[in-house]
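**Q** A single structure is presented below for examination.
The values are calculated or read from the model by the stated rules, or taken from the named source; none is laboratory data. Values in this document were obtained by computation on a predicted structure and should not be read as measured data. A quick note on method: Cβ atoms are made from the backbone with ideal geometry, for glycine too, and the neighbour counts reach across all protein chains shown.
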Amino acid sequence: MSESKVRNKAYYQAMTEAIAQEMERDESVFCLGEDVGQMGGVFQSTVGLHARFGPERVMDTPISETGIMGVALGAAAEGMRPIAELMFVDFMGVCFGQIMNEIAKVHYMSGGNVNLPMVITASTGGGFSDAAQHSQTLHGLFAHVPGLKVVAPSNPYDAKGLMTTAIRDNNPVVYLFHKALLGLPVMGYVEAEIDNHVPAEQYAIPFGEARKVREGTDVTIVGFSQTVAKAVIAGQKLEERGISAEIIDPRTLVPFDTETLIESVSKTGRLIVVDEDYLNYGMTGEIAAMIAERLDRVKLKAPIRRLGIPGVSIPYSRPLEQAAIPQADDIIDTAVELMKMTVN
Amino acid sequence: MSATQEQKLWMYETMVLIREYEDRLAMAYFEGKLAPHIQKGLAFDIGAGPVPGEMHLSAGQEAAAAGVCAHLKEGDSVWGTHRTHHFAIAHGVDLNAMTAEIYGKVNGLCRGKGGHMHLFDTKTKFACTGIVGAGIPQAVGAALAAKQRGKDWVAVAEFGEGASNQGAFHEALNMASLWQLPVVFVCQDNNYGISVCKENSTSVASVADRAAAYSMPGITVSENEPEGVFVAAKEAIERARGGGGPTLIEAKVFRYYGHFQGDPESYRPKGELDRLKEQDPIPRYAEQLKQEGVVSDDQLAEIKAGVNRRIDEAFCYAQESDYPAREEAFQHAFAQ
């Protein structure tokens, strides 16, 4: 493809484009949430939609998280397709009752009678010295609760295609976007080059299909959301040191593409799971368990390694924050260490 | 404004149906648990017997449900609570399917997955939740959808005075008023949030006073009788349907049973229950209807016999229905 034919869009624009195209296609789709209207979202996730679709379809709400989630549930039960944004995933704590006990459970508790086609969106991630209450990712928390699908795209192409799928899904979908990936000048700190190619037409990426970001033979690195970018940096540097890393982006935690994971680890025999979420009882442990439970099929050459935020809240001070959040160098060190290890 | 003869009879019959149903369920609940003489204590297995789990009965709150639901039409939805059978029945939820659900049977409203605190009926548009106050913003969402879709549907949130101390209540009322949505908030003050009486939990004597904070009308129906509720609800529902926005109705009601079946109710003052029973809204309403010449003693007896036939049928249906197959536990995780 020649350079002139590539259509580049930032992540936030890709997300907004998907929402706009679905709003055009389906009158039942509407947005509500904190600052989504006139401001277009603090992270520009609904920029331009208020002017285009009007205040009734792009609704600014009070800062009432429980109210927003409850309203979205009620509207979804009555045939609408709400997209409810809470700005920071950390704020889900305010309304986790509505998410965990209501939204996640209604379909099951009703014996399959009631569907809640709705999307919950929020930004995730640290790296901006926003400290413990505005830097979490928490995708593992949502994935833990049955009844929620959990999506966290790592690039603009996926951001658009997965948003389209999320809106069309007949279940509650938690769609999380990492601040550092959005392409906003005030937020970007990812060193990796992210492919910004986004087609203009609508497309939907199925949930539960991982993307193989990089082919390799020595070690499988599973990243999610922003850690995919860090894994890419690590993969390039490892190549220079003669270590061939295969990188997998599951794209959706629920449903999870187990087969791609198993296939890759079967090939490499080594697994590093790198997450910006908390290490304990989270995604990294879950993915490690997927392999541990299949050791009859998968032959490991080294122990599994997990990188995440290890049992602390996210600190404010820049050097402390950088230490708490796994970085590309941590992935490199871990891969190098694994290459020297064996299993009994 | 007042009810027609037909509406009066419907409200009375509905109240009797609710009361007889709850009384029947109160007894059925202890089947397979323990002997009646220790039923007042906690020394029984909540999960045992054909009606397992916690049980919250609504006897004493019938007038609120009958007075409100008398005005509801097809398309209107009701969003209830853990103590919600009265509204489910008054809103027309199928008694057989509801009872089968309470028995955990496959023919239940939710195929036995919800139970008595989680009844979902898409036919009549009834939903409830076991989390105090959680249904209130959900009703606001239903009202928002009605407005967005250009329907004249009204959503009713029914809850207790205890729920009016939840943030969800305040957020929901603010949003409903801000957006002028077709929703009616029906707060039933039974004076108890589980064991804590209203005086010890609630900063206002009248929950209806809280409506002022959200620029909506707040009406108190201070007598536990259906026609007062009927009048207040008629105005509120007409206002909602006509685009005039939400209303908060506070109906004073009684809680004749404990918070849950088996509740020792040590917190209830001696003699309170007897005093409340003397003011039982059902015999009082029967007397009123007789004096107005709306019913005769014979008709009253026939109403009672009639509702009991329906209840017999519902309990038979529930008892004779099958349990779901074990595999069903792993179904309905997600919609297609």
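**Q** Residues that are polar (S, T, N, Q) and at pLDDT 95 or above: list the helices (runs of 4 or more DSSP H) wholly contained in segment A:1-86 that include at least 2 such residues. Even if it seems obvious, please write down each step before you answer.
**A** Values: elements: A:11-25, A:49-53, A:65-77.
Fully inside segment A:1-86 and qualifying: A:11-25.
**Q** So in segment A:97-115, with the set limited to residues that are small (Gly, Ala, Ser) and within 7 Å of chain B (Cβ to nearest Cβ), which one is farthest from B:Leu119 (Cα to Cα)?
**A** The first filter runs over segment A:97-115 and keeps only residues small (Gly, Ala, Ser), leaving A:97, A:104, A:110-112.
Within this subset, residues satisfying the condition of being within 7 Å of chain B (Cβ to nearest Cβ) are A:97, A:110-112.
Details: A:Gly97: 18, A:Ser110: 7, A:Gly111: 10, A:Gly112: 12 Å.
Among them, the one singled out is A:Gly97.
**Q** Pick from B:Lys123, B:Lys147: which is free of Cβ contacts under 8 Å to residues at least 60 places away in the same chain, outside any loop (DSSP other than H, G, I, E, B) and more than 7 Å from chain A (Cβ to nearest Cβ)? Lay out the reasoning, then the answer.
**A** Working: B:Lys123 fails: outside any loop (DSSP other than H, G, I, E, B).
Within the list B:Lys123, B:Lys147, the selection yields B:Lys147.
**Q** Continuing with the same structure: Give all pairs with beta carbons closer than 6 Å in which a residue from segment B:254-267 that is closer than 19 Å to B:Cys187 by Cβ meets a residue that is surrounded by fewer than 21 Cβ atoms within 10 Å (Cβ to Cβ) and among the β-branched types (Val, Ile, Thr); count only pairs at least 6 apart in sequence or on separate chains.
**A** Filtered contacts from segment B:254-267: B:His259/B:Ile194.
Here's the yes/no breakdown for (1) polar (S, T, N, Q); (2) under 30 Å from A:Asn115 (Cα atoms):
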| residue | (1), (2) |
| --- | --- |
| B:Gln288 | yes, no |
| B:Leu300 | no, no |
| B:Asn308 | yes, no |
| B:Glu313 | no, no |
| B:Tyr323 | no, yes |
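**Q** Next question. Which numbered condition trips up A:Ser64, out of (1) within 7 Å of chain B (Cβ to nearest Cβ); (2) more than 21 Å from A:Gly41 (Cα to Cα)?
**A** (2)
**Q** Now, a different point. Within segment B:238-270, track down each residue that is surrounded by fewer than 24 Cβ atoms within 10 Å (Cβ to Cβ) and under 24 Å from B:Thr4 (Cβ atoms).
**A** B:Glu238, B:Arg239, B:Arg241, B:Gly242, B:Gly244
**Q** In the same structural domain as A:Ala131 (by TED's automatic domain parsing), among the polar types (S, T, N, Q) and without any contact (Cβ under 8 Å) to a residue 24 or more places away in the chain, is that true of A:Ser45?
**A** On the way: in the same structural domain as A:Ala131 (by TED's automatic domain parsing): yes; among the polar types (S, T, N, Q): yes; without any contact (Cβ under 8 Å) to a residue 24 or more places away in the chain: no.
Judged against the criteria, A:Ser45 is not a match.
**Q** Another one. Taking A:Phe91, is it under 24 Å from the mean Cα position of the chain (by Cα) and over 27 Å from B:Phe126 (Cβ atoms)? Before you say what the answer is, go through the steps one by one.
**A** Details: under 24 Å from the mean Cα position of the chain (by Cα): yes; over 27 Å from B:Phe126 (Cβ atoms): yes.
Yes, satisfied.
**Q** Here is a further query. Can you name the residue in segment B:307-330 that is under 29 Å from the mean Cα position of the chain (by Cα) and over 18 Å from B:Tyr103 (Cα atoms) and, of all such residues, is surrounded by the fewest Cβ atoms within 10 Å (Cβ to Cβ)?
**A** Among residues in segment B:307-330 that are under 29 Å from the mean Cα position of the chain (by Cα) and over 18 Å from B:Tyr103 (Cα atoms), the one surrounded by the fewest Cβ atoms within 10 Å (Cβ to Cβ) is B:Arg309.
**Q** Report yes if A:His139 is under 28 Å from A:Val222 (Cβ atoms), in contact with a helix residue (DSSP H, G or I) (Cβ under 7 Å, 6 or more places away or on another chain) and not β-branched (Val, Ile, Thr), otherwise no. Before you say what the answer is, go through the steps one by one.
**A** Working: under 28 Å from A:Val222 (Cβ atoms): yes; in contact with a helix residue (DSSP H, G or I) (Cβ under 7 Å, 6 or more places away or on another chain): yes; not β-branched (Val, Ile, Thr): yes.
Yes: the conditions hold for A:His139.
**Q** So the check is Cβ under 7 Å with 6+ separation or different chains; which pairs have a first residue in segment A:138-156 that's within 14 Å of chain B (Cβ to nearest Cβ) and under 22 Å from A:Thr16 (Cα atoms) and a second one that's of a type outside the set (A, V, I, L, M, F, W, C) and assigned to a helix (DSSP H, G or I)?
**A** Hits for this filter: A:Val150/A:His139.
**Q** Picking from B:Pro281, B:Pro217, which residue would you name as being closer than 30 Å to B:Trp153 by Cβ and touching a strand residue (DSSP E or B) at 6+ places or on another chain (Cβ under 6 Å)? Break it down stepwise before answering.
**A** Values: B:Pro281 fails: touching a strand residue (DSSP E or B) at 6+ places or on another chain (Cβ under 6 Å).
Result: B:Pro217 is the single residue among B:Pro281, B:Pro217 that is closer than 30 Å to B:Trp153 by Cβ and touching a strand residue (DSSP E or B) at 6+ places or on another chain (Cβ under 6 Å).
**Q** Considering only residues that are more than 15 Å from the chain's Cα centre (by Cα), at negative phi and within 14 Å of chain A (Cβ to nearest Cβ), which ones fall in segment B:75-101?
**A** B:Asp76, B:Ala97, B:Ala100, B:Glu101
**Q** Another question, if that's okay. Of everything in segment A:271-293, what is outside any strand (DSSP E or B) and surrounded by fewer than 24 Cβ atoms within 10 Å (Cβ to Cβ)? Give them in sequence order.
**A** First, the residues of segment A:271-293 that are outside any strand (DSSP E or B): A:279-293.
Listed by number, the residues that qualify are A:Leu279, A:Asn280, A:Tyr281, A:Gly282, A:Gly285, A:Glu286, A:Ala288, A:Ala289, A:Met290, A:Ile291, A:Ala292, A:Glu293.
**Q** Quick check: anything in segment B:89-103 surrounded by 21 or more Cβ atoms within 10 Å (Cβ to Cβ), out of contact with any strand residue (DSSP E or B) (no Cβ under 8 Å at 6 or more places or on another chain) and part of a loop (DSSP other than H, G, I, E, B)?
**A** Yes, some residue in segment B:89-103 is surrounded by 21 or more Cβ atoms within 10 Å (Cβ to Cβ), out of contact with any strand residue (DSSP E or B) (no Cβ under 8 Å at 6 or more places or on another chain) and part of a loop (DSSP other than H, G, I, E, B).
**Q** When you go through (1) more than 19 Å from the chain's Cα centre (by Cα); (2) in a helix (DSSP H, G or I); (3) more than 11 Å from chain A (Cβ to nearest Cβ) one by one for B:Ser164, which number turns out not to apply?
**A** Only one criterion is unmet by B:Ser164, namely (1).
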